[in-house]
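Asker: Handing you a structure now.
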Amino acid sequence: MTPLPPRPLWAGRSLALIGIVLVAFNLRTAVASLSPILGQLEAEVPLAPAIVGFLGMLPPLCYALFGILTPMVAKRFGLEVTLVAALVVLSLGLAGRGLAGSALWLVAASTVTFAAIGVGNVLLPPLVKRYFPDRIGLVTTIYVTAMSISTFTPPLIAVPVADAAGWRVSLGEWAFVAAISLVPWIAMLLHPKRAAEALPEEADPGLLRYAMRSPLAWSLTIVFAVSGFNAYAAFAWLPTILHDIAGVSPAQAGALLSLYAAMGLPAGLLVPLLAARYGKVGLLVAVAVATSVAGYLGLLLAPAWATWLWVALAGIGPLLFPLALVLINLRTRTHAGAVALSGFVQSGGYLIVAVGPLLVGLLHEWTGGWTWPLILLLASAVPAAIAGAVVARPRYLEDEHSLGR
């Protein structure tokens, strides 16, 4: 296929670019905005550790479920209509979290919120393909950067806003950002000229079935899952852990969670380049494993000394996430293979990721401390190293499939 000649980024598609960036910014705000103000919230709405753990597992659980359902809905109603509906639901869910009067209400509003985000996760790539077929790499980098910023911004401002205006404002303010994101998409729906749809793609059934017994697919799923397991456990529990073991204030804990999340920004920019252009997959796996081990050992052995360093090192570990995403393309020969491997890795991986925050919360409740939860997170480096050694070797899903027939 002849590559499309690039045209100016803003030419006739300014609304689409603004809309894509705004949607991307909304995909992580709800994940990282709760845990820094958990203490203030619990003063009004008591939450058991199991409930906090369940709230932490909701995002990946919803991502896995709605990653399967969204393509079918989008094929029926179209990308823009589905996205507008998701943004409306997201705005209501975020506002509902700020209005929560009980644990059940908070869980229900959070479920609605993360379901809507799960839809947005799936819709963004085909929207980029539709409106920017000549600039896919550039626009993808732009929206991934927006997602990274939206991950470390909420914990940075959550406590100051809660101190000034209350936890309800701190938690619910993101509904306003979601509502603003509706404007460009509604404007495009009302625009008379619309291009042909680029719908979410479905995986080849044969390759998808084979992925269930492919060593490559399972290893890549483990790499993806370990990264998410650690990241979502941190989003749910890291401020509380740091307050208890290092004696930091709520504001400092929120800033440290922001530091943890901010480590994903350079990783998202550098990892695809190092993996795709230079083939340094094994080196990247080694860096992720080594920094995770160093970070968690530091929190276990000397939590009050250079706490920021241990958090930053632990935050480098989830570079396995962008690595897994780029390997989906590097370890497949065809588009059908990439779609099949992506579906298997993300759906299966997010189901495993969902266990992380709940398991950390239950271990804390059972043991009365944070030593065993941190040991669990430290131990997750072992399967990551083993699976990483498998995915570091150049091999392709389609080749395995052909040999396995």
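For (1) over 26 Å from residue 55 (Cα atoms); (2) in the same structural domain as residue 141 (by TED's automatic domain parsing); (3) surrounded by fewer than 16 Cβ atoms within 10 Å (Cβ to Cβ), each residue gets a yes or a no:
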position: 233; (1), (2), (3): no, no, no
position: 252; (1), (2), (3): no, no, no
position: 269; (1), (2), (3): yes, no, yes
position: 287; (1), (2), (3): yes, no, no
position: 299; (1), (2), (3): no, no, no
position: 331; (1), (2), (3): yes, no, no
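Asker: On to the next question. Kindly provide the set of residues from the stretch 122-144 that are touching a residue at least 40 places away in the same chain (Cβ under 8 Å) and surrounded by fewer than 16 Cβ atoms within 10 Å (Cβ to Cβ), ordered by number.
Answerer: Correct list: 133, 134, 138, 141.
Asker: Are any residues in the stretch 162-174 within 20 Å of residue 259 (Cβ to Cβ) and either more than 24 Å from the chain's Cα centre (by Cα) or among the acidic types (Asp, Glu) (or both), and if so, which ones?
Answerer: 162, 163 - these are the residues of the stretch 162-174 that are within 20 Å of residue 259 (Cβ to Cβ) and either more than 24 Å from the chain's Cα centre (by Cα) or among the acidic types (Asp, Glu) (or both).
Asker: Where the second residue is not in a helix (DSSP H, G or I) and the first is free of Cβ contacts under 8 Å to residues at least 60 places away in the same chain and lies in the stretch 362-377, which pairs have Cβ atoms under 9 Å and are six or more apart or on separate chains?
Answerer: Pairs that qualify, where the first residue is free of Cβ contacts under 8 Å to residues at least 60 places away in the same chain and the partner is not in a helix (DSSP H, G or I), are 363/370.
The values are calculated or read from the model by the stated rules, or taken from the named source; none is laboratory data. Everything numeric in this text was worked out from a predicted model, so none of it was measured. Quick reminder, even Gly has a Cβ in these numbers, built from the backbone with ideal geometry, and neighbours come from all protein chains shown.
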